[in-house]
Structure formats: structure tokens, C-alpha cells
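These notes concern the structure reproduced below.
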Amino acid sequence: MKKLLAINLVLLGLIGGFVLSVGLFSCSTNVEPARQALAQDGNGAQSEAIRSAETLQQSFRAVSQQALPSVVRIDVEEVRTQTRPGGGDDTPWFDFFFGEPDSEDENGEEREFRTQGLGSGVIVRRDGNRYYVLTNDHVIGNASEITVTLDDGSDYTAEIVGKDARKDLAMISFESTEQLSVAALGNSDDLQVGDWVLAIGSPFGFQSTVTAGIVSAVGRRGGPAGNISDFIQTDAAINRGNSGGALVNLEGQVVGINTWITSQTGGSVGLGFSIPINNVIRSIDDFIETGAVRYGWLGVSIRSVSDDVAADLGLPDQNGALVHHVFLDSPADRGGLRPGDFIVEINGVTVTDSDELVLEVGELPVGEDAEFKLIRHGERREISVRIAERESERQIANLNARLWPGFSVFPISDEIRAEMEIAADTSGVVVATVENRTPAAAAGLRVGDVVSAIDGTSVSTMLEFYQELPQSGETTEITILRDGETETVTLERE
């Protein structure tokens with residue numbers, strides 16, 4: 001029997017020694033008889049396979065021992081005020097859903113309720129006795145109390161340093177006279193699909209949990225609404241409570257901050273996502289220095305393009321981002337960017353779509369010049385723009401009156417012509433969007449209008465539209481077809 005086992009193991013070892021070693025250590029069979037059988041074989045293939053597996057095992061142990069002390073559990077408590085629906089005893093469901101109140105006003109209508117949250121974090125910096133922990137914004141929320149628990153079980157009261165919803169990042173800090181471990185930060189740009197990684201955090205409250213997997217993909221887009229980051233995808237198990245924890249390479253370096261999962265059950269299905277550490281390194285400094293993340297601002301509204309749009313603009317391909325609008329007197333406007341420009345490169349970094357442009361611009365140093373390569377009216381150009389600091393979303397929205405032209409257009413395809421019942425002999429471009437409080441909105445432009453001329457010059461493609469769209473002057477006459485009638489609207493620039 002041992003001889004037969006040895007022969008089978010020889011064959012498996014020759015085909016894939018590493019797969020054999022993983023199989024041996026993951027099954028429930030006693031390993032020692034197999035080890036003795038392997039020792040009887042003369043070629044040593046099986047012994048080498050076992051050594052490979054043991055080497056990986058030692059690596060996992062070493063990485064875990066190095067990284068665990070710098071990854072913390074974060075417990076948050078938030079105080080919320082709820083107005084009790086009138087009725088006292090006839091609303092028992094209120095207490096059932098919201099719990100017992102901590103306090104109430106004299107009329108028993110206003111109550112405070114405490115809600116608990118859980119997540120993870122990574123100690124990324126030390127300044128004297130103060131330690132700084134990086135985590136996710138959604139972990140901290142509007143917490144009124146924050147407790148940090150270390151791998152050794154010691155806990156500390158922490159305070160918020162700063163939060164950033166655009167990348168779902170937050171920083172908290174606490175003080176300790178003990179010498180605590182600070183995470184080593186790696187280079188996430190070095191990650192490749194297939195690399196081993198460990199996910200460390202406190203899923204469902206289980207302190208200091210380590211799971212292993214590989215990098216399934218890099219540069220993933222999408223994720224939670226409003227998040228401008230790209231992501232590392234991994235099949236290392238990530239669950240609720242892992243948010244804000246560390247994704248670590250085999251050198252024990254943090255290469256990502258675990259942030260979200262895709263799951264229909266709420267549990268890990270092998271689709272976990274981490275913010276690359278290179279996307280947050282500058283944010284660490286910003287949090288500590290100013291309590292907020294500083295983003296670069298260009299002053300444009302952009303979109304990725306479809307095949308139809310690329311063809312209508314005479315572009316070689318879809319790789320880049322189309323400028324739909326420019327804020328007047330913004331860095332883009334002062335630097336010479338125009339609506340219709342197709343940006344393909346920033347400071348030597350190739351731009352593949354609008355998401356990448358947003359990420360790259362956000363990382364640009366404030367107050368410094370950035371070099372843009374673009375295609376304008378079929379010709380390649382290079383311009384330099386001095387980047388400003390991005391204001392809040394509310395402040396930017398208040399600038400909409402200076403958004404030029406304030407509407408975007410789309411070519412008339414056969415499908416659009418049929419759906420909107422546009423006559424075959426009608427040429428122009430269709431209004432796709434009209435931004436609120438812009439010159440276009442004030443002029444009365446509507447989605448679905450067909451723009452046939454600008455200042456009396458006919459346009460039949462997006463390329464012609466942007467060629468004729470003026471970049472100066474107080475007014476612009478737009479000829480449109482609406483409900484079978486031709487009208488002219490006037491756009492006024494501030």
C-alpha cells in the first residue's frame with residue numbers, strides 16, 4: 001500500500017509539486033505516513049514539494065507576526081437623536097427597533113439612541129506618544145466615541161483627525177506611552193495578478209483575523225458610489241468588520257486598505273476590494289498636517305466616450321476623457337482647455353477613461369503646473385495648467401453659472417433617429433444633458449433638442465459642434481429643432 005501511495009505521489013509531484021504540497025497539508029489524512037512514503041522515493045521530487053509548501057507556510061507565519069501588531073480593531077459608538085412618534089404606549093415598535101433611550105426631553109418626544117459600529121484600521125504613523133490609524137470613512141461615520149483595540153488586547157480611546165468621503169478614508173489617533181508597532185507601507189504599483197496577499201482585520205468582531213489569497217485583478221473601477229479610487233481585487237476572505245484593515249504582501253508590507261466586498265449574501269464570496277496604498281500615502285500626510293485631504297482641481301466636467309462618439313469626433317480610439325464643460329476662470333480655462341478637448345495624457349501618465357482622469361487630477365500637487373496632452377479638432381496638442389485646490393462639492397455646485405456651455409451633445413444614430421422620430425433629412429447633434437443653473441439651462445435648452453447651427457453656421461457632427469462653439473464673446477446663438485419646429489436660443493456668458 002505504501003509503495004502504491006509513493007508511486008501516485010511521484011506522478012502528482014512531477015506534474016505539479018506545489019499543488020501536491022497544498023493538497024497534503026489541507027486534507028485530514030495523517031501527513032506522517034505520506035512523508036515516510038515520500039522519503040522512500042529516490043528522486044526527491046516530493047520532498048522538494050513539501051519544502052516549497054513549508055517555505056510558504058513559514059512566509060505566512062512571518063508576515064502575520066510582523067503585520068498583526070499594527071492592525072487594530074475599531075469600535076465606534078454614535079449618538080443619534082430620534083423624535084418619538086406621538087402616542088406613548090400605542091407605539092411599542094419604536095422601542096423595539098431603536099432600543100431603550102438614554103435620555104428624553106420633558107415631553108418624552110426627543111430621545112437619544114446609541115448605535116454601535118465595527119471596523120479595522122492600520123497604524124501608519126507615530127509622533128512621540130501619538131499614533132495615527134488609517135481606516136475607512138464609512139467605519140468612523142459620525143462617531144462620538146471611538147475605541148481602538150490592539151492585537152495584544154490593550155485598548156485606547158481615539159479621536160478623529162480627519163475624514164474624506166471621496167476615497168472613503170479616515171484617520172483617527174490615540175496616545176500611548178508604550179512602544180507600538182507601525183505598519184511598513186509597500187508599493188502597490190508593484191502588485192501583479194497572481195501575487196500572494198494576506199487580509200488582516202476583525203471580521204464580525206473576531207480580533208486579528210488573517211486570511212490568505214491572491215491578487216485577482218488590479219485597477220478595478222466602480223465600487224461604492226462617489227469613490228474615485230481604483231481598487232485591488234483579491235479572493236482573500238474579506239467580511240464585515242474587515243473594512244479599514246490591511247492587505248499585506250509577502251514582505252509584510254501594507255499594499256492596500258480593505259474597503260468593500262461584492263456579495264449577495266453579505267459574506268465573503270471571494271470578491272474583496274482594497275484601496276491601493278499608493279492612492280492614500282499623500283492622504284496620510286494631508287490628514288496629519290491639515291485634518292483634511294487636499295485634492296487638485298482642474299475645473300472641467302468630463303466623460304468617457306463610446307465608439308459612436310469617438311467616430312463622430314474623429315478620434316483614433318476611446319482611450320482618454322472628453323471635456324464636456326469648462327468652468328470659466330478655472331485653472332482649465334486659464335490654461336487654455338476647451339469643451340471638446342480629448343485628454344489622453346497627464347504628466348506622462350496615459351489616461352484611459354474619465355475615472356482615471358479624475359483620480360490623476362486629484363493627486364496633482366496644488367499650485368504646480370501639470371502637462372496635458374490632448375486631441376483638439378483632430379490635432380494633437382500640449383498645454384500646461386496650474387492646478388488649484390479643490391473646493392467642497394457644495395462650493396463647486398455654486399459655480400454652475402460659470403459652467404460653459406452647460407450642455408452636452410451626442411451624435412444622431414439610427415436608433416436615436418427612430419426613437420425620437422427625427423426626419424432622415426435632419427442633421428445636427430442631440431442635446432444629451434443640461435446642467436442646472438448653467439447658461440444652457442437659463443437659455444431654456446432641453447434634453448432631446450437637436451442642435452443644427454451655432455451662430456448661423458450649420459453643424460452635423462460633434463466635431464463640427466465643438467469647432468464652432470465660441471470660446472469668447474458675451475452671447476452665442478444656438479439653432480435647435482424641437483417638436484418639429486426650428487427655434488433659436490441665446491446662451492449668455494458671464
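Taking region 219-241, which residues are touching a Ser or Thr at 6+ places or on another chain (Cβ under 6 Å) and part of a loop (DSSP other than H, G, I, E, B)?
D235, A236, A237, I238, N239, G241
Taking S354, is it of a type in the set (G, A, S), more than 25 Å from A443 (Cα to Cα) and crowded, with 17+ Cβ neighbours inside 10 Å?
yes
Just checking: which of the strands (runs of 3 or more DSSP E) contained wholly in region 102-193 hold 2 or more residues that are of a type in the set (G, A, S) and touching a residue at least 24 places away in the same chain (Cβ under 8 Å)? Spell out how you get there, then give the answer.
Numbers: elements: 110-127, 130-135, 145-149, 155-164, 169-175.
Once the strands (runs of 3 or more DSSP E) in region 102-193 are filtered for at least 2 residues that are of a type in the set (G, A, S) and touching a residue at least 24 places away in the same chain (Cβ under 8 Å), what remains is 110-127, 155-164, 169-175.
Out of (1) within 27 Å of the chain's Cα centre (by Cα); (2) modelled with pLDDT of 95 or more; (3) surrounded by fewer than 19 Cβ atoms within 10 Å (Cβ to Cβ), what's the single condition that is false for R380?
The one condition R380 does not meet is (1).
If I go through region 243-288 residue by residue, how many of them are among the aliphatic types (A, V, I, L, M) and surrounded by fewer than 22 Cβ atoms within 10 Å (Cβ to Cβ)? Full working, then the answer.
First, pick out the residues of region 243-288 that are among the aliphatic types (A, V, I, L, M): 246-248, 250, 254-255, 257, 261, 269, 271, 275, 277, 280-281, 284, 288.
Right, trim to surrounded by fewer than 22 Cβ atoms within 10 Å (Cβ to Cβ) and you get 250, 261, 269, 271, 281, 284, 288.
Qualifying residue count, region 243-288: 7.
What are the pairs with Cβ atoms under 8 angstrom where one residue, in region 472-494, is closer than 20 Å to L337 by Cα and the other, located anywhere, is in a strand (DSSP E or B) and of a type in the set (F, W, Y)? Sequence gap at least six, or different chains.
R493/W404
Only one of (1) within 24 Å of P331 (Cβ to Cβ); (2) of a type in the set (V, I, T); (3) modelled with pLDDT of 95 or more fails for V429. Which number is that?
Every condition holds for V429 apart from (1).
Per-residue answers, yes or no, for (1) touching a helix residue (DSSP H, G or I) at 6+ places or on another chain (Cβ under 9 Å); (2) surrounded by 18 or more Cβ atoms within 10 Å (Cβ to Cβ); (3) free of Cβ contacts under 8 Å to residues at least 60 places away in the same chain; (4) within 21 Å of V280 (Cβ to Cβ):
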| position | (1), (2), (3), (4) |
| --- | --- |
| P331 | no, yes, yes, no |
| I346 | yes, yes, yes, yes |
| V361 | no, yes, no, yes |
| L364 | no, yes, no, yes |
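Looking only at region 179-217, filter to residues that are more than 29 Å from G117 (Cα to Cα) and of a type in the set (A, V, I, L, M); which one of those is nearest to the chain's Cα centre (by Cα)?
It comes out as A217.
Run L463 past the list (1) surrounded by fewer than 17 Cβ atoms within 10 Å (Cβ to Cβ); (2) of a type in the set (A, V, I, L, M, F, W, C); (3) in contact (Cβ under 8 Å) with a residue 60 or more places away in the chain and report the number of the one that doesn't hold.
Of (1) surrounded by fewer than 17 Cβ atoms within 10 Å (Cβ to Cβ); (2) of a type in the set (A, V, I, L, M, F, W, C); (3) in contact (Cβ under 8 Å) with a residue 60 or more places away in the chain, only one is false for L463: (1).
Find the residue count for region 61-73, including only residues that are loosely packed, with under 15 Cβ neighbours inside 10 Å and under 16 Å from V254 (Cβ atoms).
So the answer is 2.
Scan the strands (runs of 3 or more DSSP E) fully inside region 298-379 and keep the ones with 3 or more residues being closer than 23 Å to F407 by Cβ. Full working, then the answer.
Values: elements: 300-303, 321-327, 342-346, 369-376.
Strands (runs of 3 or more DSSP E) meeting the threshold: 300-303, 321-327, 369-376.
Within region 194-213, can you find the residues that are surrounded by fewer than 20 Cβ atoms within 10 Å (Cβ to Cβ) and either among the acidic types (D, E) or assigned to a loop (DSSP other than H, G, I, E, B) (or both)?
G194, D195, F206, Q207
Quick one: how many residues across region 363-400 are of a type in the set (G, A, S) and in contact with a strand residue (DSSP E or B) (Cβ under 6 Å, 6 or more places away or on another chain)? So that I can check it myself, show each step before the final result.
Just the residues of region 363-400 that are of a type in the set (G, A, S), to begin with: 367, 370, 378, 384, 388, 392, 397.
Narrowing the set further to residues that are in contact with a strand residue (DSSP E or B) (Cβ under 6 Å, 6 or more places away or on another chain) leaves 370, 384, 388.
Of the residues in that region, 3 qualify.
Please work out which one of (1) under 17 Å from D312 (Cβ atoms); (2) touching a Lys or Arg at 6+ places or on another chain (Cβ under 8 Å) is the condition V434 fails and give its number.
(1)
Can you say whether F327 is aromatic (F, W, Y) and closer than 20 Å to R294 by Cβ, as far as the supplied structure shows?
Values: aromatic (F, W, Y): yes; closer than 20 Å to R294 by Cβ: yes.
Yes; evaluated as a whole, the condition is true for this residue.
Take the residues in region 309-329 that are of a type in the set (G, A, S) and crowded, with 20+ Cβ neighbours inside 10 Å; name whichever of them is nearest to R390 (Cα to Cα). Don't jump to the end; show me each part of the working.
Step one: filter region 309-329 for residues of a type in the set (G, A, S), giving 310-311, 314, 320-321.
Cutting the leftovers down to crowded, with 20+ Cβ neighbours inside 10 Å gives us 320-321.
Details: G320: 22, A321: 19 Å.
Per the stated criteria, the residue is A321.
Would you check if T476 is surrounded by 13 or more Cβ atoms within 10 Å (Cβ to Cβ) and part of a strand (DSSP E or B)? Steps first, please.
On the way: surrounded by 13 or more Cβ atoms within 10 Å (Cβ to Cβ): yes; part of a strand (DSSP E or B): yes.
Here the answer is yes, as T476 does meet what is asked.
Let's see how each residue does on (1) part of a loop (DSSP other than H, G, I, E, B); (2) under 30 Å from N398 (Cα atoms); (3) β-branched (V, I, T); (4) modelled with pLDDT of 95 or more:
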{"site": "V409", "(1), (2), (3), (4)": "no, yes, yes, yes"}
{"site": "I416", "(1), (2), (3), (4)": "no, no, yes, no"}
{"site": "D425", "(1), (2), (3), (4)": "yes, no, no, no"}
{"site": "N436", "(1), (2), (3), (4)": "yes, yes, no, no"}
{"site": "L445", "(1), (2), (3), (4)": "yes, yes, no, yes"}
{"site": "G448", "(1), (2), (3), (4)": "yes, yes, no, no"}
{"site": "V451", "(1), (2), (3), (4)": "no, yes, yes, yes"}
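Could you please find all residues in region 383-407 being polar (S, T, N, Q) and either assigned to a loop (DSSP other than H, G, I, E, B) or surrounded by 15 or more Cβ atoms within 10 Å (Cβ to Cβ) (or both)? Spell out how you get there, then give the answer.
Of region 383-407, the ones polar (S, T, N, Q) are 384, 392, 395, 398, 400.
Correct list: S392, N398, N400.
The values are calculated or read from the model by the stated rules, or taken from the named source; none is laboratory data. Being a predicted model, the structure only gives us computed values, none of them experimental. For neighbour counting, all protein chains shown are included, and Cβ atoms are generated from backbone atoms with ideal geometry for every residue, glycine included.
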